[in-house]
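Visitor: Have a look at this one.
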Amino acid sequence: MRFKIVLYICLFFLLALTSTIKAQVIEGPDSIEFVEDPEEDEEESSEFDSVIVSGSEKYWDFIRPRNFLFDTAFAPAHNLYTVWDTITINPYHRDLKVMEDTIRLVLADFDDCSFHPPAIGDVTSNFGFRNWGRRQKFHFGTDIRMEVGDPVYAAFEGVVRIAKRSADYGYMVVIRHNNGLETLYAHFSQLLTYPGQPVKGGSIIGLAGSTGRSTGPHLHFEVRFQGEKIDPATLIHFPSGSLLNDTFQVDKGCFKHLYDVQAAKLKAKKTKLPKYVKAHKNDTLIKISNRYGVSVKRLSKLNGLKPKTKIKAGRKIRLR
Ligand SMILES: [Zn+2]
């Protein structure tokens, strides 16, 4: 009998010990894993890599938790979102250009920390179409010129959902805000945050750089609602670094550019490219991609070169 009691006590301590070890392993920012993503916008959520927390307004549950502890009771705007995913940029898959509702978001209250411009610098590229070789490509964010190492700030109060490295965005951050929006920041030289970290408007989340698909140091900044991009200039007046309005109305009009994007995609399919072109002086696949409108990933595959490798002038590069 006494032996049995001693055995049970030993078992109890052993169990307690293993559970504390487990808790220690998954805690803290040091255990973040950076994952390379295949595409810029259409990121697939891998069944085995994603950390997805899903549920309804009333009930949240962890599905396959990995790497960090996050109490979903603190997930911002959980009346508008039912998924918390630390890998996939858009896990929501909503077609908002046909949304019926009109949602009024209160962007900022009278608190001083409620809004801060994401970066201080000149806007070099706006939301909208820009030339990509012979084609047009839609640019889904606002680019701000930066020096490597310049601070990048959280725009509003919220919780960091993603902090990782992606092939196109480089080191990047996505924040879910209390006001119902999400913001995305790309091409950092260094990340100074981790998934699950609460931030205020003005918290420094990383240092600017040129990682990923980028030809010079800048911040690529996106505003999203339920995964779909909105023109940041409809909320923020970038030259003065202030909000245009304390509230923002989300309706299908915010997403009407998606019809133009669809039409441009169809048109691009019909435009024929030459099979081979000659590289210019100091060319890289990124520059060639910008010139002809072929993705870096595809050029890399066709030519067996890395995106930033310097290519000899005159070398034949296959486009299709
Ligand atoms: Zn950009």
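Visitor: Is segment 272-318 best put as rounded, prolate or oblate by its Cα gyration tensor, with a ≥ b ≥ c the root eigenvalues, rounded for a/c under 1.5, and otherwise prolate when a/b is larger than b/c, oblate when not?
Guide: rounded
Visitor: Moving on. Among Glu157, Glu228, Glu100, Glu182, which comes first, second and so on when ranked by fewest other beta-carbon atoms within 10 Å?
Guide: Ordered by Cβ neighbours within 10 Å, fewest first: Glu100, Glu228, Glu157, Glu182.
Visitor: Oh, and also: Expected output is a single nm value to one decimal: the length gained when fully extending between Lys306 and Lys272, i.e. 0.36 nm times separation in residues minus the C-alpha distance. What is it?
Guide: Stretched out fully, the Lys306 to Lys272 stretch lengthens by 9.8 nm.
Visitor: Taking the Cα centre of segment 272-318 as origin, sum charge times position over the Cβ atoms of Lys and Arg (+1) and Asp and Glu (-1), and report the length of that vector in debye to the nearest 20.
Guide: 100 debye
Visitor: Same structure, new question: Kindly identify segment 88-261 as rounded, prolate or oblate by the Cα gyration tensor criterion: order the square roots of the eigenvalues as a ≥ b ≥ c, call it rounded if a/c is under 1.5, otherwise compare a/b with b/c, prolate if a/b is larger, else oblate.
Guide: Note, shape of segment 88-261 comes out rounded.
Visitor: For Ile120 and Ala264, compute 0.36 nm times the residue count separating them, minus their Cα-Cα distance, and round to one decimal in nm.
Guide: That works out to 48.6 nm of additional length.
Visitor: Moving on to the next point. Listed here are the pairs Lys278/Lys301; Lys287/Lys310; Lys164/Lys252; Lys272/Lys310; Lys164/Lys287; which of them are more than 19 Å apart at the Cα?
Guide: Check vs 19 Å cut-off fails for Lys164/Lys252; Lys272/Lys310; Lys164/Lys287.
Visitor: Exposure proxy check: Val159, Val173, Val296 ranked by fewest other beta carbons within 10 Å?
Guide: Result, fewest neighbours first: Val159, Val296, Val173.
Visitor: For Cα pairs less than 8 Å apart in space and 6+ apart in sequence, what is the mean separation divided by the residue count of segment 88-261, i.e. the relative contact order in percent?
Guide: Dividing the mean separation by the residue count of segment 88-261 yields 29 percent.
Visitor: Tell me, Val98, Val148, Val106 in order of fewest to most beta-carbon neighbours within 10 Å?
Guide: If I rank by nearby Cβ atoms, fewest first, I get Val98, Val106, Val148.
Visitor: Just add up the charged neighbours of Phe255: K/R +1, D/E -1, any other residue whose Cβ is under 12 Å from the Cβ of Phe255.
Guide: +1
Read the figures in this text as sums done on the coordinates, not as results from a lab. Owing to the predicted nature of the structure, the values given are computational and were not obtained by experimental measurement. In this analysis, Cβ positions are derived from the backbone assuming ideal geometry, glycine residues included, and neighbour counts consider all displayed protein chains.
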